[in-house]
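Below: the structure, in structure tokens.
The values are calculated or read from the model by the stated rules, or taken from the named source; none is laboratory data. The structure presented is a predicted model; accordingly, all values stated were derived computationally and were not measured. Reconstructed Cβ throughout: ideal geometry from the backbone, glycine too, with neighbour counts over all protein chains shown. Surface accessibility is based on the protein's heavy atoms, side chains included, excluding ligands, DNA and RNA. Shrake-Rupley method; radii C 1.70, N 1.55, O 1.52, S 1.80 Å.
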Amino acid sequence: MGGALAGAHVLSLTLCLLLGVLRGLEILSPGEVEYKRVLTKGVLGRSVVLECGSTLPSIYIWGFTLPGSEGTRALVYNYGQGPRLQKLASSLGEVSVVSASAALVIDRLPLAAEGLYTCQALYESQDGVRLSYFYIQLLVLVPVSKPSVRLSEPTPVESSAAWAQCGLENGTGPVQFEWEREGRGGVRAGVPEADGSLVNLTRVSRNHTGWYSCLARNEVNEQRSDRAWLDVIYGPDEPMINITPYAVTERGFSAVELETVSLLCQAPSNPPSQYVWFYNNSQVSAGQQFTISRILRMHTGYYTCLAQNSYLNTRTKATVTLTVYYLPDSSPTCAVLPASNYTGLLLWCSWEGGSPAAELRWTPSAPGGAGGEAEPTLSNATQIRAGAQTPDNSTFSCRATHPALRAAAQCNVTVVLPPGEPRCFAVATRNNEYLMLSCAWEGGAPRALLWWAAGDGAVLGSSEENANILVFKSSGTYSGKEFVCRAKHPLSAASRQCQLKLEAPVLVTQRSVVSVYEGSDVQLTCVLKATYPASEITWYNNQNQQVWDAPQKYLLHREASWSNLTVRETDGSRDSGQYWCSATNAVGGAQIPITLNVRRYPSPPNVTISKILYNSRQRTEIDLQWATQGSGDLTGFIVEQRLSRRSGAKPAPAGGAWETVAGQIEPQVREHKLGGLDPATQYAFRIIAVNHRTRGHPSEVKTPADPPFNAYPAVIGAAIAGMIVATVGTVLVFQYVVRNRADNPRLHNMFFGIQPAESRENISYPEDEQGPEAGEEGHTPASSTEEAPSGSSPPSQAPPPGDGNEPVNVTITVTATS
């Protein structure tokens with residue numbers, strides 16, 4: 001600095017000598033020179049301005065002193081004729097001078113521009129010349145470059161030592177360093193182990209894993225490095241096994257049968273662990289998660305997870321116990337049983353099986369029910385209650401709890417006194433071989449106890465629940481004896497009973513003798529007055545044959561205590577006689593006779609044929625009439641026929657078979673018509689009167705006669721036909737005479753006579769019809785004219801009046817109806 005000041009004095013002396021040359025210039029005292037010292041900082045490569053006063057001096061000189069040297073070299077001067085740059089300026093960057101002042105501008109500032117800049121300025125004023133010295137110390141600052149992170153070991157093993165360094169190539173000090181670490185979760189934080197540009201990790205842990213970066217900062221700028229990944233190798237740690245769904249027991253974990261169970265193994269490791277699953281020391285799967293769909297009870301056991309670090313070749317393992325819970329089969333079963341000789345109730349509940357065993361507890365199903373909750377027991381639960389103190393229809397619930405239950409499970413029992421009273425009845429086996437006494441009192445819970453006793457109180461057979469059957473060999477000695485069935489139930493303080501008495505059948509009938517007319521239906525009745533056990537009425541006919549239901553002849557109608565036998569269409573020769581009604585049970589039998597008399601109806605009156613005649617010559621139908629003789633009832637007539645002979649055949653024998661051709665003729669009818677006869681056959685007929693099924697004596701046998709001859713219709717028909725023929729012939733003759741009067745005038749005159757001349761008129765031609773004369777005379781004009789004979793020509797004019805030979809056309813129509 002002293003050298004610089006000495007150099008400045010030399011420049012000042014030189015400047016003074018120069019100024020003395022100037023005319024009229026007054027130099028102030030050297031003791032009044034102004035000195036200013038300034039520290040200026042510039043940035044490498046940028047621009048910097050070095051000020052030399054606030055106004056433009058008259059004369060100024062810029063000098064530069066290189067750091068570490070004592071000599072000052074001129075950089076720029078201006079003696080009033082503009083600034084002049086020296087060669088030194090080219091080595092200090094792009095140097096220029098501000099025209100409005102003496103400020104020095106350096107662009108693209110290099111490091112070589114760093115040093116001491118001196119500006120000597122001479123200012124002219126009214127008071128004289130003022131001299132100023134400006135000492136500007138220029139520091140060139142270098143920006144920090146982009147730092148880089150260097151790791152001693154990118155993949156250190158946990159618990160080993162490692163370091164990280166932030167390298168920086170350029171930058172003017174002092175430089176500050178900041179470290180940042182970004183973990184696996186993306187969280188950024190400072191590095192407490194950092195010391196300037198160095199991070200020293202004496203004992204690496206897995207928490208040091210992450211992205212490392214450093215920030216370099218000076219007074220010019222700051223730069224952050226790229227990230228470097230520090231991957232700490234560790235593990236595997238001891239595995240942790242999580243089971244879903246999560247259920248912990250004293251022995252480990254539990255699962256419910258048929259659930260989907262997932263086992264997840266987690267063993268922190270870098271690189272990540274490789275997992276292998278073992279079930280009871282047998283490998284079953286590879287991978288971090290092991291899933292069992294619809295787990296079964298057979299899957300209960302030990303599950304081991306083996307974790308491996310392939311980089312470090314290390315292994316760890318963990319084992320858990322998994323117990324599969326499953327419900328007992330079906331559902332809880334409840335029952336109520338008698339206890340204390342049918343004076344108490346035993347509530348029993350069971351639900352056996354399953355893992356673990358189900359807990360069962362008896363509770364009354366309704367608040368305030370008889371008794372209270374009992375202590376829970378496993379698989380089976382029982383409770384004894386006093387029967388007489390328990391209300392009828394009380395309900396008790398057995399509730400079950402089990403780890404595998406997803407909903408409540410329970411069973412209910414209701415204690416019920418059987419309705420009504422015990423019922424007794426006796427039945428016999430087939431063919432009455434054995435007698436069974438049956439007693440029942442059903443519908444109770446628990447079931448009632450029943451036993452049989454004789455009338456004197458002696459117990460018969462053994463006791464049974466719900467129903468009791470006592471079997472005897474059938475014998476008549478039991479008829480009239482009584483038997484008692486006694487019953488007992490826990491809800492009834494007193495025993496109940498029913499009794500029965502055995503009786504052999506006793507039969508009665510309304511009529512022991514029944515009479516009926518032949519052909520009618522008759523009903524025989526038999527009543528079972530007394531019997532026990534029940535018996536069935538059996539009928540026997542007059543042939544001592546058992547009667548079955550046969551609609552053609554017999555109809556049976558049975559009820560519990562009676563039976564009717566209907567004999568249809570009775571016949572005196574076959575149905576009359578003695579019928580039997582019989583009944584038998586296991587203690588005896590009985591039968592009674594009923595006599596049936598079938599009588600015939602009285603004979604009807606005799607019949608005579610009054611008329612039997614063919615009604616036409618065709619001989620296919622006959623008219624038949626008859627009359628009765630004498631008195632008597634009748635219900636109809638029967639007409640019978642017999643073939644007498646055919647044409648050309650010999651007569652039939654007199655004893656030929658008779659055939660009924662008409663039956664069910666009403667009794668008031670006395671005539672009948674028969675058709676469909678063969679004209680070539682000769683028939684014989686007879687008539688029989690009928691009174692119901694009684695037939696009278698046949699009438700005499702007669703053969704139909706031919707009808708008598710009648711000529712009157714033929715004569716009348718012939719006469720009418722002759723008249724019609726005569727009328728037609730006469731009309732034809734008249735027509736011929738009229739049409740041919742010219743050729744046969746005499747014949748015409750004979751029929752019609754000679755007309756006067758004035759009455760004759762020629763109407764041969766149609767035009768003759770015109771004129772008033774025709775109308776006045778009253779004649780009808782002719783409708784047609786007769787053609788001339790062949791080969792002749794028509795007349796040229798009409799014949800003269802008065803000529804009687806002119807032709808006349810007349811049409812006569814005759815209609816005959818019959």
Revision key, fill the gap. Here the residues of segment 255-293 lying in the modelled label zone of GLU238, meaning backbone nitrogen under 15 Å from a point 7 Å along Cα-to-Cβ, are 266-268
Check your understanding: So how long is each side of segment 90-233 along the principal axes, counting just the alpha-carbon atoms, biggest first, in Å?
Key -> 83, 28, 24
Practice item. Quickly work out the GLN176-to-VAL38 label distance, labels modelled 7 Å from Cα along the C-beta direction, and quote it in nm with one decimal. Key: 2.8
Practice item. Enter the accessible area per residue of segment 381-475 (Å², integer; probe 1.4 Å; all protein chains in place). Key: 52
**Study point:** With every protein chain in place, segment 464-612: carbon and sulfur % of accessible area (1.4 Å)
**Key:** 45
Study note, to complete from the structure: The base-10 log of I(q)/I(0) that the Debye equation returns for segment 534-660 at q = 0.09, 0.21 Å⁻¹, one scatterer per C-alpha, is -0.56, -1.25
Practice item. Could you grab the relative contact order for segment 492-638? Cα pairs under 8 Å, six or more apart, rounded to a whole percent. Key: 24
Review point. Taking the alpha-carbon centroid of each part, what is the distance from segment 158-225 to segment 403-479 in angstrom?
Key: 100
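Between ARG599 and GLN389, what length in nm is gained on full extension when 0.36 nm per residue of separation is reduced by their alpha carbon distance?
Values: separation 210, 0.36 × 210 = 75.60 nm, distance 7.68 nm.
Contour length minus Cα-Cα distance gives 67.9 nm.
With the Cα gyration tensor of segment 171-327 giving a ≥ b ≥ c as the square roots of its eigenvalues, does the rule (a/c under 1.5 for rounded; else a/b larger than b/c for prolate; else oblate) give rounded, prolate or oblate? Walk me through the numbers on the way to the answer.
Values: a/c = 4.35, a/b = 3.32, b/c = 1.31.
Since a/c reaches 1.5 and a/b is larger than b/c, the shape of segment 171-327 is classed as prolate.
Report the gain in length on full extension from GLN668 to ARG430: 0.36 nm times residue separation, minus Cα-Cα distance, nm rounded to one decimal. Numbers along the way, then the final one.
Numbers: separation 238, 0.36 × 238 = 85.68 nm, distance 5.91 nm.
Here the answer is 79.8 nm.
Per the Kirkwood treatment, what hydrodynamic radius in Å, one decimal, follows for segment 313-354 from the mean inverse distance over all distinct Cα pairs?
Numbers: mean 1/r = 0.0676 Å⁻¹.
So the Kirkwood estimate lands at 14.8 Å.
Please give the per residue accessible area of segment 166-323, computed with a probe of 1.4 Å over protein heavy atoms only, in Å². Walk me through the numbers on the way to the answer.
Working: 8700 Å² over 158 residues.
Ligands and nucleic acids excluded, the figure is 55 Å² per residue.
Give me the orientation-averaged projected area of the Cα convex hull of segment 107-156, in nm², one decimal.
Projected area, direction-averaged: 6.5 nm².
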**Study point:** Length-normalised contact order of segment 266-350 in % [C-alpha pairs under 8 Å, at least 6 apart]
**Key:** 23
Revision key, fill the gap. Carbon plus sulfur, as percent of the 1.4 Å-probe accessible area of segment 142-188, comes to 46
Check your understanding: Past the 27 Å Cα-Cα mark, which pairs from LYS488/LYS529; LYS473/LYS529; LYS36/LYS146; LYS473/LYS501; LYS673/LYS702?
Key -> LYS488/LYS529; LYS36/LYS146
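Quick one: what do you get for segment 303-430 if you divide its Cα Rg by 2.2 N^0.38 Å?
Details: Rg = 24.9 Å, N = 128, 2.2 N^0.38 = 13.9 Å.
With N residues counted in segment 303-430, Rg over 2.2 N^0.38 Å equals 1.79.
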Check your understanding: Say each of ARG693 and THR382 gets a label point 7 Å from the Cα, pointing the same way as Cα to Cβ; how far apart are those two points in nm?
Key -> 7.9
Review point. Which Rg and Dmax, in Å, describe the Cα atoms of segment 372-472?
Key: 20.2, 63
Review point. Can you pull out the chymotrypsin sites (Phe, Trp or Tyr not before Pro) in segment 195-270 that DSSP calls coil and that have at most 11 other Cβ atoms within 10 Å?
Key: TYR246
**Study point:** Charge sum, other residues only, whose C-beta stays under 10 Å from ASN466's C-beta, Lys/Arg counted +1 and Asp/Glu -1
**Key:** -2
Review point. Gap in Å between the Cα centre of segment 291-357 and the Cα centre of segment 251-268?
Key: 14
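Rounded to the nearest 0.05, what FRET efficiency is calculated for GLN137 and VAL157 with R0 set to 56 Å and r the Cβ-Cβ distance?
Values: r = 54 Å, r/R0 = 0.96.
The computed FRET efficiency comes out at 0.55.
Please give the per residue accessible area of segment 570-630, computed with a probe of 1.4 Å over protein heavy atoms only, in Å². Please list the in-between numbers first.
Working: 2800 Å² over 61 residues.
The answer is 46 Å² per residue.
Are there GluC sites (Glu not before Pro) in segment 174-204 that DSSP puts in a loop and that have at most 16 other Cβ atoms within 10 Å, and which ones?
Values: sites: GLU178, GLU180, GLU182, GLU193; in loops: GLU193.
Those satisfying the criteria are GLU193.
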